1. Given R₀ = 25 Å, FRET efficiency for Tyr48-Val297 by Cβ-Cβ distance, to 0.05?
2. So what's the gap between the Cα centers of the stretch 71-131 and the stretch 149-201, to the nearest angstrom?
3. Once fully extended, how much extra length lies between Val7 and Glu142, figured as 0.36 nm per residue of separation less the alpha-carbon to alpha-carbon distance?
4. Return Ile295, Ile82, Ile121 ranked ascending by Cβ neighbour count within 10 Å, so the fewest neighbours appear first.
5. From the helices alone, meaning DSSP H stretches of at least four residues, give me the mean residue ellipticity at 222 nm for the chain, per-run term -39500 (n - 2.57), in deg cm²/dmol to the nearest 500.
6. Going by the alpha-carbon gyration tensor, a ≥ b ≥ c the square roots of its eigenvalues, is the stretch 106-237 rounded (a/c under 1.5) or, if a/c is not under 1.5, prolate (a/b greater than b/c) versus oblate?
7. By how many nm would the segment from Ala256 to Gln287 lengthen if fully extended, with 0.36 nm per residue of separation less the alpha-carbon distance?
8. Identify, among Phe126, Val112, Thr80, the residue whose Cα sits farthest towards the positive end of the charge dipole of the stretch 79-174, taking +1 on the Cβ of Lys and Arg and -1 on the Cβ of Asp and Glu, with the dipole about the Cα centre.
Amino acid sequence: MSVQHPVMVAVAVLVGAGCALALWRLHRERTRAYAAAGVTAQGGLRRYLPPLLFLTAVVFLLLAVARPQATLGVPRTSGTVILAFDVSNSMGADDIAPSRLAAAQAAATAFVEGQPDTVDIGVVAFSQGALTTHQPANRHVETVEAIKRLRVTGGTSLGQAILGSLTAIAGRPVALPEPPAPPPDIGYHADATIVLLTDGEDTGGPDALQAAELAANAGVHIQTMGVGTVEGDTVDVDGYQISTSLDEDLLSQIAATTSGAYHRAQDAGALDAAYRDLDLRTTIEPQPIELTGSIVVLALLLLAAGALLTIRWFGRLL
């Protein structure tokens, strides 16, 4: 508990003590006067309860002027989220209208626009390699623009997607070590989440599960979204018909390695639902809460109670 104007606390204490002393002296003088006249004092609680309510209300109003604050732990969604988009040729398939990538972009845009500014969001585009197209930041308008600029090209490397996302989180290049070298120390990022949007067809590159283990060691969760249908579709690439389908087993293993979850998104509605179900990190942050309003309301209730009791017991305000 803290106050912005401590002097008003002293004023409230002095005023309260002074008024209480005056009320006590008045009660004593009345008692003596009644005793001298041979009359038993009447009223007791009824006579002194309303003034006590008024006195307490005045003290609370003076305390409200001091602007008291309490620091409470408030749960907030915060941290870093990396949206890793598969921009390989297979994401151009139209088994999700208008295409897998376009549907993923629309759902991701709605997700970004719904996040508070306590969440830093970055964008990584990956095919055979991975490129950070927007560094993690709370400038969500720029994040949406980066998402809209994505275009399909090339193959798919889920390992590169994870390593590229870890690079964006750690702020320095991250790569898998050559055996028997130990894994690199990229720090511990318990507030970071990677959202991997892909059709799951891994066509080469670093081992995706080893990259997922590296993320797990750094405290990073990976939430995978399978964009497309298990039955698959065909896409035209340089005049060739290439079959593409969703690899759910690999995406489930990647998510499970980092204590994340796999989400199937076979249509635009499922994509939106998957984003709503994302388990992002929630932290408890200390936040000062202004108590002035609550104290004023309590003081007004005491004043109203004192007035009502006075009218009920004495037929008028004293």
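Quick note: the coordinates plus some simple rules give every number you see, no bench work behind them. Since this is a predicted model, take the numbers as computed values, not measurements. Here the Cβ positions follow ideal geometry from the backbone for every residue, glycine too, while neighbour counts run over all protein chains shown.
1. 0.55
2. Cα centroid to Cα centroid, the span is 15 Å.
3. Between Val7 and Glu142, full extension yields an extra 43.9 nm.
4. Taking fewest neighbouring Cβ atoms as first place, the list is Ile295, Ile121, Ile82.
5. Value at 222 nm, helices only: -14500 deg cm²/dmol.
6. oblate
7. 7.7 nm
8. Phe126
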